[in-house]
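Novice: Sending over a structure as structure tokens; questions will come in a sec.
The values are calculated or read from the model by the stated rules, or taken from the named source; none is laboratory data. All values reported here derive from a predicted model rather than from experimental measurement. Cβ atoms come from the backbone with ideal geometry, glycine included; neighbour counts cover every protein chain shown. Protein only, heavy atoms only, side chains kept; ligands, DNA and RNA dropped before computing areas. Shrake-Rupley method; radii C 1.70, N 1.55, O 1.52, S 1.80 Å.
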Amino acid sequence: MKIVFASNNKNKIQEIQQLLPETIQLMSLEDIGCFEEIPETAATIEGNAILKADYVTQKYGYDCFADDTGLEVTALNGEPGVYSARYAGEQRSAEDNMNKLLTELSTKNNRQAQFKTVITLNYKGEQHLFTGIAKGSITANKSGDKGFGYDPIFQPNGYNETFAELPIETKNRISHRGIAVQKLISFFKNDN
Ligand code: IMP
């Protein structure tokens, strides 16, 4: 059975493919001839994951899953949330985004935050949502050079290192995305 993962990130696709039952073959957007930018105009993380999955299912007719992720900071009422990638502007710079967040938090005591990933799956005519959350706090300074995005300033609860300092295997096991993907894999394992 063929299922589209609404992404062109070959590493992500390969990683998930290896965890899925052999009966499921993942296809990228490129594989189905989808080269246009899929709109991500919803006001929530869930909304964007749904928009992306529905776009592929409605326009190309495939079963599909799509993910969307954001960093929600308590003292900022959940910001940057759905705007995490472009928090400091359309240049989508991780450095600029982190600097902006550290500045915004410089006057706040509460540094709690969580990453949230939502995976929306359109499968056999039904829609399923899988959510993964990683709770932690925003550090005062950047540390570490692994990972991407806000990793150098996010310290998961129970660890003394940031996501950018932890081994990638550890991050994948405890991260928002890792947890959401595990829920997706369990769904397919139980379905087949
Ligand atoms: P996306 O939905 O996976 O594209 O994520 C949106 C934005 O959230 C990214 O551009 C990053 O700024 C941030 N982000 C998502 N996942 C992570 C992560 O695992 N670590 C750090 N930042 C992340």
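Novice: May I ask you to verify whether Ser84 is hydroxyl-bearing (Ser, Thr, Tyr), farther than 26 Å from Gln18 by Cβ and under 16 Å from the mean Cα position of the chain (by Cα)? Even if it seems obvious, please write down each step before you answer.
Specialist: Numbers: hydroxyl-bearing (Ser, Thr, Tyr): yes; farther than 26 Å from Gln18 by Cβ: yes; under 16 Å from the mean Cα position of the chain (by Cα): yes.
Yes.
Novice: Can you report the number of residues in region 1-59 which are charged (D, E, K, R) and under 15 Å from Thr69 (Cα atoms)? Show your work before the answer.
Specialist: Start the filter on region 1-59 by keeping residues that are charged (D, E, K, R), which leaves 2, 10, 12, 15, 22, 30-31, 36-37, 40, 46, 52, 54, 59.
Now drop any that are not under 15 Å from Thr69 (Cα atoms), which leaves 12, 40, 46, 52.
Looking only at that region, the number is 4.
Novice: Does region 40-48 contain any residue that is open to solvent by 70 Å² or more (accessible area, probe 1.4 Å), in a helix (DSSP H, G or I) and either away from the ligand (no atom under 16 Å from the Cβ) or modelled with pLDDT of 90 or more (or both)?
Specialist: No; the residues of region 40-48 include none that is open to solvent by 70 Å² or more (accessible area, probe 1.4 Å), in a helix (DSSP H, G or I) and either away from the ligand (no atom under 16 Å from the Cβ) or modelled with pLDDT of 90 or more (or both).
Novice: Among the residues of region 149-165, what is the count of those that are free of Cβ contacts under 8 Å to residues at least 60 places away in the same chain and either within 11 Å of the ligand (Cβ to nearest atom) or touching a strand residue (DSSP E or B) at 6+ places or on another chain (Cβ under 6 Å) (or both)? I'd like the intermediate steps shown before the answer.
Specialist: Filtering region 149-165 down to residues free of Cβ contacts under 8 Å to residues at least 60 places away in the same chain leaves 151-153, 155-165.
Among the residues that remain, those that are also either within 11 Å of the ligand (Cβ to nearest atom) or touching a strand residue (DSSP E or B) at 6+ places or on another chain (Cβ under 6 Å) (or both) are: 151-153, 155-157, 162-164.
Number satisfying all stated conditions: 9.
Novice: Right, here's the next one. Restricting to region 49-82, count the residues that are free of Cβ contacts under 8 Å to residues at least 60 places away in the same chain and in a loop (DSSP other than H, G, I, E, B).
Specialist: 5
Novice: Filter region 68-81 for residues that are open to solvent by 20 Å² or more (accessible area, probe 1.4 Å), within 18 Å of the chain's Cα centre (by Cα) and either near the ligand (Cβ under 9 Å from one of its atoms) or of a type outside the set (Gly, Ala, Ser) (or both) and give the result.
Specialist: Thr69, Glu72, Glu79
Novice: Let me ask something else. Among the residues of region 152-184, which ones are surrounded by 15 or more Cβ atoms within 10 Å (Cβ to Cβ) and more than 21 Å from Thr139 (Cβ to Cβ)?
Specialist: Residues satisfying the conditions are Ile179, Ala180, Val181, Gln182, Lys183, Leu184.
Novice: Can I ask one more? Just to verify a result, which residue in region 16-37, among those that are open to solvent by 60 Å² or more (accessible area, probe 1.4 Å) and free of Cβ contacts under 8 Å to residues at least 40 places away in the same chain, is farthest from the chain's Cα centre (by Cα)?
Specialist: Initial filter on region 16-37 (open to solvent by 60 Å² or more (accessible area, probe 1.4 Å)): 18-19, 22-23, 25, 30-31, 35-37.
Right, trim to free of Cβ contacts under 8 Å to residues at least 40 places away in the same chain and you get 18, 22, 25, 30-31, 35-37.
On the way: Gln18: 19, Glu22: 24, Gln25: 21, Glu30: 20, Asp31: 21, Phe35: 21, Glu36: 20, Glu37: 18 Å.
Of everything passing the filter in region 16-37, Glu22 is farthest from the chain's Cα centre (by Cα).
Novice: Which one of the conditions (1) farther than 24 Å from Thr23 by Cα; (2) within 12 Å of the ligand (Cβ to nearest atom) does Ile179 fail to meet, given that it meets all the rest?
Specialist: Single failed check for Ile179: (1).
Novice: Restricting the search to region 91-142, which residues are of a type in the set (Asp, Glu), exposed (fewer than 15 other Cβ atoms within 10 Å of the Cβ) and either modelled with pLDDT under 95 or more than 12 Å from the ligand (Cβ to nearest atom) (or both)? Walk me through it before giving the result.
Specialist: Taking region 91-142 and keeping what is of a type in the set (Asp, Glu), we get 95-96, 104, 126.
Subset that is exposed (fewer than 15 other Cβ atoms within 10 Å of the Cβ): 95-96, 126.
Within region 91-142, Glu126 is the sole residue that qualifies.
Novice: Moving on. Within region 1-12, how many residues are within 20 Å of the chain's Cα centre (by Cα), surrounded by fewer than 17 Cβ atoms within 10 Å (Cβ to Cβ) and closer than 21 Å to Lys189 by Cβ? Break it down stepwise before answering.
Specialist: Looking only at region 1-12, we keep the residues that are within 20 Å of the chain's Cα centre (by Cα), and these are 3-12.
Narrowing further to those that are surrounded by fewer than 17 Cβ atoms within 10 Å (Cβ to Cβ): 8-12.
Now narrow it down to the ones that are closer than 21 Å to Lys189 by Cβ: 12.
Within region 1-12, residues that are within 20 Å of the chain's Cα centre (by Cα), surrounded by fewer than 17 Cβ atoms within 10 Å (Cβ to Cβ) and closer than 21 Å to Lys189 by Cβ number 1.
Novice: Name the one entry in Glu104, Glu165, Glu90 that is under 19 Å from Glu79 (Cβ atoms) and assigned to a loop (DSSP other than H, G, I, E, B).
Specialist: Working: Glu104 fails: assigned to a loop (DSSP other than H, G, I, E, B); Glu165 fails: under 19 Å from Glu79 (Cβ atoms).
Among Glu104, Glu165, Glu90, only Glu90 is under 19 Å from Glu79 (Cβ atoms) and assigned to a loop (DSSP other than H, G, I, E, B).
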